[in-house]
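**Q** The following block contains the structure, expressed as structure tokens.
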Amino acid sequence: MPNLNSEPLFQLIKSLTKAEKRYFKLLVTRNKSAEDAKFLKLFDLIDKQQEYDEAKILKKESSLKPGQMSNLKAHLYKQILQSLRSHNTSGDISIHIREQIDQATVLYNKCLYKQSFKILEKAKQLAEKNERPLLLLEIIEFEKRLVTKLIEPGMESRVTSIMKESERIQDKLRSLNNFSNLSLKLYSFYMNIGFIRDHKDFEIVNSFFYSTMPNFQEDQLSFDEKTYLFSSLVGYYFFIQDDERAYEYAKKWVGMFDDNPDLISSKLEMYIRALNNLLMAQNKLFRYSEFVKSFKKFEDIPRIKNLNLTDNIKLLWFKYASTHRINQHFLLGQFDEGTKIIPEIADNLNGFMDRLDMHYILIFYYKFACMYFGNQEYRKAVFWLNKIINAKNVDLRSDIQSFARILNLICHYELENTDLVDYYILSTYRFMIKKENLYLFQRYILKFLKNLNNIKPDQLNDAFITLRNQLLPLKKNPYEKRAFNYFDIISWLESKIHNRPVQDVIGENARKRIKLIEDSDPVKS
């Protein structure tokens, strides 16, 4: 699990690239003071460690004293940050704009007001072009100070222009704040429960969404305002399980970037999120041909020219690209092929473990388990499910945690671990009741598994048919249908009834649904 090492300085040093380390050392060695020599030694010693151990550092380097370490680490941390800021100025537009604001401030303090104003004008143009309203407001506020120092003809019109611009940007920021708060709160709901479970959940989310959504005219919104609007709408429709509407707004969201490709580099994180949401919608709706095209576009992102691929972007790209690699195999029911990519993804996951949020770790574990289950490798499925079940102090995505327990029960049934099935049924009931997360779907399955010992072998097929007939109507229930996305229980039951591999049944059903969707697509017909 995350939290591999909590020492901030150690984490910062380990995050540096070779180029960043080289740049830092070049800056330090220019000064060559006694203090610089000390913290450079500390830098090298920490860099060589696999886990932070201050006692070993002090034992190895006698010039470093215990009483100095706190100040020395703080100084080293600060110097590394300054080095990173300097090294990454050209790669991050916000850092570049801030550097120009800093330069304008230095010139202002020197009473070089005209020079300050010229640099500020360049910063302003960059902020406007790349839609950085917070920085733009800071620049305009700076202009208000400068204009009192530049007594020139046309002063009144310039003051009026600055005041109008300030009001316009503040209105825009208020709007952006409303949209971003809405998006953030929806994400908080999702982290807590997953998706709506009943009418009570729907009322809470629906009431919040429409009471918080600001009034707007879409054609009057800026690029950033539309981004947060579409993000909120996609999140809301996914949350209430209206995948068609989510798909509609995800397409509009990606379409904005298709129409403004020059903004992709400066808003790369949001572009990645937009494509990820479109891929999720296409996956849920079995729009396979569209999914393949969108995924190709997603995979090509690192090859776009002049992109600044920060660690944050690499992490984001990894988790979404890996998720959709897995989803592509789920879409086609290709579990044998899908299991082949899991070891590679799991290895890469370990490399990102200290930077990846627990939410996505749980998602990966569950997807790994489902892939192995579909390939009838039940022991491997149980291995990943246990990582979810045994996770400590995790109070999020109760839906995944609940379905992990259901799938774990079925795996043990397939492995003929009858005693474990009986044991886990009780603990699963207790968990779900505590989480208030017991779907009717789950009740039927738990009841079936609980009664297995009383079912004679020649009655088992009829029991599978009965359970299937109980579950099928739930696929039309708006609050129960979501459960079928966590685990395709109907296909599993079909495989039992007809004595076929579950992979064959899921694959056959998936191909039929994809063909049905694509044949009915008006664009293709």
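The values are calculated or read from the model by the stated rules, or taken from the named source; none is laboratory data. The structure presented is a predicted model; accordingly, all values stated were derived computationally and were not measured. Glycine also receives a Cβ, built like all others from the backbone with ideal geometry; neighbour counts cover every protein chain displayed.
**Q** Go through the stretch 94-111 and count every residue that is within 19 Å of Ile162 (Cβ to Cβ), more than 40 Å from the chain's Cα centre (by Cα) and surrounded by fewer than 17 Cβ atoms within 10 Å (Cβ to Cβ).
**A** The total comes to 0.
**Q** Among Ile433, Ile400, which is closer than 25 Å to Asn276 by Cα and in the same structural domain as Glu480 (by TED's automatic domain parsing)?
**A** Working: Ile433 fails: closer than 25 Å to Asn276 by Cα.
Result: Ile400 is the single residue among Ile433, Ile400 that is closer than 25 Å to Asn276 by Cα and in the same structural domain as Glu480 (by TED's automatic domain parsing).
**Q** Given the stretch 417-476, what helices (runs of 4 or more DSSP H) lie entirely inside it while holding 1 or more residues that are farther than 22 Å from Asn499 by Cβ and over 37 Å from the mean Cα position of the chain (by Cα)? Let's see the steps before the verdict.
**A** Values: elements: 418-435, 440-450, 460-471.
In the stretch 417-476, 418-435, 440-450 are the helices (runs of 4 or more DSSP H) which contain 1 or more residues that are farther than 22 Å from Asn499 by Cβ and over 37 Å from the mean Cα position of the chain (by Cα).
**Q** What residue, of Glu143, Glu51, is outside any helix (DSSP H, G or I) and in contact (Cβ under 8 Å) with a residue 24 or more places away in the chain?
**A** Working: Glu143 fails: outside any helix (DSSP H, G or I).
From the options Glu143, Glu51, the qualifying one is Glu51.
**Q** May I pose another question? Only one of Lys456, Lys434 is surrounded by fewer than 17 Cβ atoms within 10 Å (Cβ to Cβ) and either among the hydrophobic types (A, V, I, L, M, F, W, C) or within 24 Å of Lys387 (Cβ to Cβ) (or both). Can you tell me which? Reasoning before the result, please.
**A** On the way: Lys456 fails: either among the hydrophobic types (A, V, I, L, M, F, W, C) or within 24 Å of Lys387 (Cβ to Cβ) (or both).
Testing whether each residue is surrounded by fewer than 17 Cβ atoms within 10 Å (Cβ to Cβ) and either among the hydrophobic types (A, V, I, L, M, F, W, C) or within 24 Å of Lys387 (Cβ to Cβ) (or both) leaves just Lys434.
**Q** Here is a follow-up. Scan the stretch 52-64 and give yes if some residue there is touching an Asp or Glu at 6+ places or on another chain (Cβ under 7 Å) and hydrophobic (A, V, I, L, M, F, W, C), otherwise no. Even if it seems obvious, please write down each step before you answer.
**A** First pass over the stretch 52-64, keeping only residues touching an Asp or Glu at 6+ places or on another chain (Cβ under 7 Å): 52.
Now drop any that are not hydrophobic (A, V, I, L, M, F, W, C), which leaves none.
No - not one qualifying residue is present in the stretch 52-64.
**Q** Scan Lys59, Lys38, Lys25, Lys21 and give me the residue that is at pLDDT 90 or above and assigned to a helix (DSSP H, G or I).
**A** Going through Lys59, Lys38, Lys25, Lys21 in turn, the sole match is Lys21.
**Q** Of these, Leu315, Leu349, which one is surrounded by fewer than 17 Cβ atoms within 10 Å (Cβ to Cβ), closer than 27 Å to Ile389 by Cβ, under 15 Å from the mean Cα position of the chain (by Cα) and at pLDDT 85 or above?
**A** Leu315 is the lone residue from the list that is surrounded by fewer than 17 Cβ atoms within 10 Å (Cβ to Cβ), closer than 27 Å to Ile389 by Cβ, under 15 Å from the mean Cα position of the chain (by Cα) and at pLDDT 85 or above.
**Q** Of (1) at pLDDT below 80; (2) closer than 22 Å to Gln376 by Cβ, Arg511 satisfies all except one. Which?
**A** Result: Arg511 fails condition (1) only.
**Q** Got at least one residue in the stretch 489-498 being touching a helix residue (DSSP H, G or I) at 6+ places or on another chain (Cβ under 8 Å), farther than 23 Å from Phe239 by Cα and without any contact (Cβ under 8 Å) to a residue 12 or more places away in the chain?
**A** Yes, the stretch 489-498 contains a residue that is touching a helix residue (DSSP H, G or I) at 6+ places or on another chain (Cβ under 8 Å), farther than 23 Å from Phe239 by Cα and without any contact (Cβ under 8 Å) to a residue 12 or more places away in the chain.
**Q** Among the residues of the stretch 5-18, is any at pLDDT below 80 and either β-branched (Val, Ile, Thr) or surrounded by 16 or more Cβ atoms within 10 Å (Cβ to Cβ) (or both)?
**A** In the first step, residues of the stretch 5-18 are kept if they are at pLDDT below 80; the result is 5-6.
Next, only the ones that are either β-branched (Val, Ile, Thr) or surrounded by 16 or more Cβ atoms within 10 Å (Cβ to Cβ) (or both) stay: none.
Checked against the condition, which is being at pLDDT below 80 and either β-branched (Val, Ile, Thr) or surrounded by 16 or more Cβ atoms within 10 Å (Cβ to Cβ) (or both), the stretch 5-18 yields no hits at all.
**Q** Step by step: first the residues of the stretch 391-416, then only those that are part of a helix (DSSP H, G or I) and among the hydrophobic types (A, V, I, L, M, F, W, C), then the one that is modelled with the lowest pLDDT. Which residue is that? Can you show your working first?
**A** As a first pass, look at the stretch 391-416 and keep what is part of a helix (DSSP H, G or I): 398-414.
Narrowing further to those that are among the hydrophobic types (A, V, I, L, M, F, W, C): 400, 403-404, 406-407, 409-411.
Values: Ile400: 81, Phe403: 85, Ala404: 89, Ile406: 85, Leu407: 89, Leu409: 88, Ile410: 88, Cys411: 91.
Step by step, filter the stretch 391-416, then rank; the result is Ile400.
**Q** While we're here: How many residues are at pLDDT 85 or above and crowded, with 17+ Cβ neighbours inside 10 Å when one looks only at the stretch 65-91?
**A** 7
**Q** Turning to a different aspect of this structure: Scan the stretch 225-239 and tell me whether some residue there is in a helix (DSSP H, G or I), more than 19 Å from the chain's Cα centre (by Cα) and modelled with pLDDT of 80 or more.
**A** Within the stretch 225-239, the first condition is being in a helix (DSSP H, G or I), and the residues that meet it are 225-239.
Adding the requirement that they be more than 19 Å from the chain's Cα centre (by Cα) leaves 225-226.
Now narrow it down to the ones that are modelled with pLDDT of 80 or more: 225-226.
So far as the stretch 225-239 goes, yes, one or more of its residues are in a helix (DSSP H, G or I), more than 19 Å from the chain's Cα centre (by Cα) and modelled with pLDDT of 80 or more.
**Q** Kindly indicate the residue of the stretch 493-508 that is closer than 25 Å to Ser402 by Cα and within 30 Å of the chain's Cα centre (by Cα) and also surrounded by the most Cβ atoms within 10 Å (Cβ to Cβ) among those meeting that condition.
**A** Filtering first and then ranking leaves Ile506.
**Q** Whether any residue in the stretch 112-125 is within 37 Å of the chain's Cα centre (by Cα) and on the phi > 0 side of the Ramachandran plot is what I want to check.
**A** No.
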